[in-house]
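First up is the structure itself, then whatever we jot down about it.
Just so it is clear, none of the values below were taken in a lab; they were calculated from the coordinates. Since this is a predicted model, take the numbers as computed values, not measurements. When we count neighbours, we look across all protein chains shown, and the Cβ atoms used for this are built from the backbone with ideal geometry, even at glycine.
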Amino acid sequence: MIRFEDVSQRYGEVQAVRGVTFGVPSGVLCVLLGESGSGKSTLLRMVNRLIEPSGGRVLLQGQDVAGIDPQILRRGIGYVIQSVGLFPHRSVAENVATVPRLLGWDAARIAARVDKLLAMVGLEPGEYRARRPATLSGGQAQRVGLARALAADPPVLLMDEPFSALDPATRRGLQAELRRIHANMGKTILLVTHDVEEALALADRIAVMEAGRLVAEGPPLAVLGWETPASVRRMLGAETLAFHRLSALRAEDFALPGFAPGAPLLAAGGTMRDALLLMLTHGTDRAALAGEAARHLPLSAILAAP
Amino acid sequence: MKKAALWLALGAVAFLAALWAAPQAEGLWSALFPEVSRPAYVQESWFVLLGSHLALSLGAALLAAMLGIPAGIAATRSSGRALRPVVDAAFTLAQSVPPVAVIALALPLLGFGAAPTLLALVLYGALPLLRATVTGIESVPAQITEAARGLGLSPWQRLTRVELPLARPVLLAGLRVAVTLSVATTAVGAVAGARCLGTPIIIGLTNANPSYVLQGALFTAWLALLLDRALSLLAGPQSSP
């Protein structure tokens, strides 16, 4: 769906992106992970031509974006930024309707679409439609930003640190919301973040950037595996990498059949990390799994996890 | 808001009543200036003077807006950045030359009357509008223009749907300054023979009649204040979010 081919970007003396090649398959949520200044945002903004690469090319559905009119291109790509950038002189509904209006949809279709999207991002349309952006909290504003990006049903969504400015609880809520929306709508999403936890919570694939180079790319487990280059391990935090790996593993994939009398109960969908924390908290060496069949997870399974 | 409009209307009525009463108030003027033999200005109707004063100053403000606002927009486009210092310098120069000097310099070319006055007023008023346009557009937060770009608004749509609406309070404030300045400065046009509320001032100065000077100055200032209030009333509701 999105393909970077030997893409470079140079600002005067500074080489922001150096020969990056990789692809994001259709329907995949790919997280571009890296520290600030690693070139991840620059790479993202090349997809909708907010930045033109100084070398290489970016393909969208097999077509070089350099050959597509930037306005047409951008109206077909959802775009969400950290600062949200809602238009303060427009109501929530008008903000969400921006792209459909540019595309010339009729009023009835726009109104129906706006209500549907507000409901989808968890904002009651009747209550929020007429509100001004200034009256929204940070989390609500970013929900509107997400609805605005999805308004014309673009197949691709670009998100530049969308949740970084929000407090942790709001951030987790919106991450869960995004996962749900992604599962339901099957968009191809490229999301930039510097937060490893966020990458693990969201990603189907992770691409790690460092000093303009792509240093690792693949499914989260492969990127966080023991064979990961030392530089990537250092960047992700070697001492916490093991925990991050455990976060990427679902406990039920490692569970053994049978009861574990007296063991604490792990909530459905819990990760290996959750299980380990549960055992630490309760001072036990096993956890019981929620579900119909009796299953439990011993500590040895965590230690033996690949 | 309603109350302010009412006060403004009352002020305008009082102003017009004073214009009507001035030629008749011989007693008042002679009490103020006992040494002047004919203290009431009766050569021309004050309403004729008011009409041509307004035509001249508002026309000049309109022309200044047609010059300053597009120049300000051009200076804030990415393609116009290079032009910015040149535009700024030209407009600053235009404002730093006093209107009287512009009139004097323009007299040989444009002759007596309204034309040199109009030129001076336009040059004088264009800078505040240029500045206001640039300030207003630059006050639009970068993330909002970035979002507009990312959503696929064309440069023209970004200007008309995002930048100008958000720059509006600052722009209107600049317009208010320009109009008030223009109305107050138009009186200078009387030097070049442009008919306006400044005419009695010039006649009074040349004929040693301080009563005429006072009346001309009074009505010029009164008009400028009234228009300033009217424009602030117009700009007021939009400036609050």
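Modelled spin-label separation between A:Ala176 and A:Arg132, with each label point placed 7 Å from Cα along the Cα-to-Cβ direction: 3.3 nm.
Taking only C-alpha pairs under 8 Å that are 6+ residues apart, what is the relative contact order of the range A:149-306 in percent? The partial results should precede the final answer.
Numbers: 198 pairs, mean separation 23.1, N = 158.
Contact order relative to length: 15 percent.
Helix B:164-185 axis versus longest C-alpha principal axis of chain B: approximately 20°, rounded to the nearest ten. Averaging the sequence gap over all C-alpha pairs within less than 8 Å and six or more residues apart, then dividing by the number of residues, gives the range B:108-182 a relative contact order of 48 percent.
Counting other Cβ atoms within 10 Å, keep those with at most 12, restrict to DSSP loop, and tell me which GluC sites (Glu not before Pro) in the range A:169-228 are left. Write out the running numbers ahead of the final one.
On the way: sites: A:Glu177, A:Glu197, A:Glu198, A:Glu210, A:Glu217, A:Glu227; in loops: A:Glu227.
Qualifying residues, ordered by number: A:Glu227.
Take each residue of peptide A:79-85, count the partner chain Cβ atoms within 10 Å of its Cβ, and average: the result is 5.
Exposure proxy for A:Asp204, A:Asp285: other Cβ atoms within 10 Å of each Cβ, ordered fewest to most, give A:Asp285, A:Asp204.
Taking chymotrypsin sites (Phe, Trp or Tyr not before Pro) in DSSP loop states with no more than 10 other Cβ atoms inside 10 Å as exposed sites, chain A has its longest site-free stretch at A:1-225. To the nearest 10 degrees, how steeply does helix B:114-138 sit against the main Cα axis of chain B, on a 0 to 90 scale? Roughly 30 degrees between the two axes.
Here the range B:1-37 and the range A:69-98 have alpha carbon centers that stand 55 Å from each other. Between 0 and 90 degrees, the angle of helix A:107-120 with respect to the longest Cα principal axis of chain A falls at about 20 degrees.
FRET efficiency for the pair A:Thr281 and B:Arg81, taken as 1/(1 + (r/R0)^6) with r the Cβ-Cβ distance and R0 = 41 Å, rounds to 0.10. Looking at the protein assembly as shown, the DSSP beta bridges with both ends there are about 55 percent antiparallel.
In the elastic network of chain B, a GNM with C-alpha springs shorter than 10 Å, the most mobile of B:Gly111, B:Gly27, B:Gly11 is B:Gly27. Counted residue by residue at 0.36 nm each, then reduced by the alpha carbon distance between them, the extension gain from A:Ala293 to A:Asn184 reaches 36.4 nm.
Averaged over the residues of A:90-103, the number of partner chain Cβ atoms lying within 10 Å of the residue Cβ comes to 2. Reported value for the protein assembly as shown: 218 Å³ per residue, from the convex hull of its C-alpha atoms.
Under the definition of Cα pairs under 8 Å and six or more residues apart, what whole-number percent is the relative contact order of the range A:1-112?
Values: 133 pairs, mean separation 26.5, N = 112.
Contact order relative to length: 24 percent.
A straight line joining the Cα centroids of the range A:214-281 and the range B:66-120 runs 69 Å. Every Cα-Cα pair in chain B was counted, and those over 32 Å apart are 33% of them.
For the range B:107-241, the equivalent ellipsoid derived from the alpha-carbon gyration tensor has semi-axes of 41, 17, 8 Å in decreasing order. Plainly put, the range A:251-303 has a radius of gyration that is 0.89 times its Kirkwood radius, both from alpha-carbon atoms, as the Rg/Rh ratio.
Calculate, for B:Gln24 and B:Lys2, the FRET efficiency according to 1/(1 + (r/R0)^6) with r their C-beta to C-beta distance and R0 51 Å; round to the nearest 0.05. Can you show the working numbers first?
Working: r = 34 Å, r/R0 = 0.66.
Efficiency, rounded to the nearest 0.05: 0.90.
Spin-label model, B:Val13/A:Gln61: points 7 Å from Cα along the beta carbon direction are separated by 6.7 nm.
A Förster radius of 60 Å, combined with the Cβ-Cβ distance separating B:Glu44 from A:Glu124, puts the computed FRET efficiency at roughly 0.35. Applying D = kT/(6 pi eta Rh) to the range A:201-306, where Rh is the Kirkwood radius over alpha-carbon pairs, T corresponds to 4 °C and eta to 1.567 mPa s, the Stokes-Einstein value obtained is 87 µm²/s.
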